[in-house]
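Let me begin by presenting the structure, written as structure tokens, before commenting on it.
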Amino acid sequence: KLLQAEIKGDTDALDVVLGTLGREARAGGVDNRVLATENQAISDAERKKTDIEGQLAEVGQRKAEENTRFEELERERTIKLSEVERERDDAERELDGLEGQRRGLRDKRKEIERRQKAYHQAADTRDEEAGAAPLGDTRSELRRLAEGHRAEAAGLEPEKQDYERKLAALERPLGAAQSKVTAVRAEVDLAKRSLADAREGHRHRLAELEAELGRKQRELENTDGEIQRRLVTLGTLINLHRVDRP
């Protein structure tokens, strides 16, 4: 194991030396029949590297443009969502107010109906008592009380009808408010879906761009590795076939 470690260390050091020799030869323009094939392969790999670097920059630019475009789109759709949510809240408050008015009017009408029912029951009771009472003042008084109860019930009728008119008048604005609430709730749902779709689409596009960047980066690393290996090969060829150099 110790010998294997020493051999690897020496081999790595030799690769550095040979790679440096090949790089110096490239920088000095050293070329001949023996070196031509490797020099051409290195030149091709360097052009490929330049192309990949350009492609990486282009993908990076597309990613930056996608982020900028998404930020603007997200801002617009967030503002739109806030606006329709405010409209929904206002419409719901208006509807709640109208429904509260309707409940109040119905409660008041119900109270009048309860009082009218009580008067009618009292009148019926007096009539029954009058029917069982002997002829005379007692029966007449009971009949008079029954009529008084019915008169009291009838006296409440205008107030009851007034509440009914107010309730009928509320139906149209209530219907309009309910329709508005339904419409703005649908707009809120649509705005939420639109914002969610924008975010999901952005996430997918970023994932695609990141994957493309990863592929290009691996291609660049592979090309760099190829260039380094070929420089070592070039240095080896120069070491085997010494070249006079001024």
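What are the pairs with Cβ atoms under 7 angstrom where one residue, in region 37-61, is among the basic types (Lys, Arg) and the other, located anywhere, is open to solvent by less than 40 Å² (accessible area, probe 1.4 Å)? Sequence gap at least six, or different chains.
Filtered contacts from region 37-61: Lys48/Thr223; Lys49/Leu220; Lys49/Thr223; Lys49/Ile227.
Filter region 17-31 down to residues that are open to solvent by 40 Å² or more (accessible area, probe 1.4 Å) and either closer than 11 Å to Thr233 by Cα or in contact (Cβ under 8 Å) with a residue 24 or more places away in the chain (or both), then give me how many there are.
Counting residues in region 17-31 that are open to solvent by 40 Å² or more (accessible area, probe 1.4 Å) and either closer than 11 Å to Thr233 by Cα or in contact (Cβ under 8 Å) with a residue 24 or more places away in the chain (or both) gives 6.
Can you tell me how many residues within region 63-88 are within 22 Å of Ala186 (Cβ to Cβ) and among the polar types (S, T, N, Q)?
2
Going through Asp244, Asp197, Asp189, Asp162 one at a time, which residue ends up being out of contact with any Leu (no Cβ under 9 Å at 6 or more places or on another chain), without any contact (Cβ under 8 Å) to a residue 60 or more places away in the chain and assigned to a loop (DSSP other than H, G, I, E, B)?
Asp244
Criterion first (within 15 Å of Thr233 (Cα to Cα), of a type outside the set (Lys, Arg), open to solvent by 60 Å² or more (accessible area, probe 1.4 Å) and touching a residue at least 40 places away in the same chain (Cβ under 8 Å)) does Val34 satisfy it?
no
Residues to consider are Gly201, Gly235, Gly214; find the one that is of a type in the set (Gly, Ala, Ser) and closer than 28 Å to Asn39 by Cβ.
Testing whether each residue is of a type in the set (Gly, Ala, Ser) and closer than 28 Å to Asn39 by Cβ leaves just Gly235.
Condition (residue is closer than 30 Å to Ala13 by Cα and surrounded by 17 or more Cβ atoms within 10 Å (Cβ to Cβ)) applied to region 237-246: is it met by at least one residue?
Within region 237-246, one or more residues are closer than 30 Å to Ala13 by Cα and surrounded by 17 or more Cβ atoms within 10 Å (Cβ to Cβ).
In region 1-37, how many residues are assigned to a helix (DSSP H, G or I) and either in contact with a Cys (Cβ under 6 Å, 6 or more places away or on another chain) or among the charged types (D, E, K, R) (or both)?
9
Within region 200-209, restricting attention to residues that are free of Cβ contacts under 8 Å to residues at least 24 places away in the same chain and surrounded by 12 or more Cβ atoms within 10 Å (Cβ to Cβ), which residue is nearest to Gly60 (Cα to Cα)?
Step by step, filter region 200-209, then rank; the result is Glu208.
When the residues of region 102-146 are filtered to those that are loosely packed, with under 12 Cβ neighbours inside 10 Å and within 30 Å of Glu171 (Cβ to Cβ), which remaining residue is farthest from the chain's Cα centre (by Cα)?
Out of the qualifying residues, it is Lys117.
Between Tyr119, Tyr163, which is among the aromatic types (Phe, Trp, Tyr) and under 30 Å from Ser179 (Cβ atoms)?
Tyr163
Quick one: in region 67-116, which of the residues that are of a type in the set (Lys, Arg) and in contact (Cβ under 8 Å) with a residue 60 or more places away in the chain is nearest to Lys180 (Cα to Cα)?
My answer is Arg88.
Report whether or not Thr50 is open to solvent by 90 Å² or more (accessible area, probe 1.4 Å) and over 30 Å from Asp189 (Cα atoms).
No.
The values are calculated or read from the model by the stated rules, or taken from the named source; none is laboratory data. Keep in mind it's a predicted model, so treat the numbers as computed, not measured. Neighbour counts are summed over all protein chains in view; Cβ atoms, including those assigned to glycine, are modelled from backbone coordinates with ideal geometry. All accessible areas refer to the heavy atoms of the entire protein, side chains included, with ligands and DNA or RNA removed. Shrake-Rupley method; radii C 1.70, N 1.55, O 1.52, S 1.80 Å.
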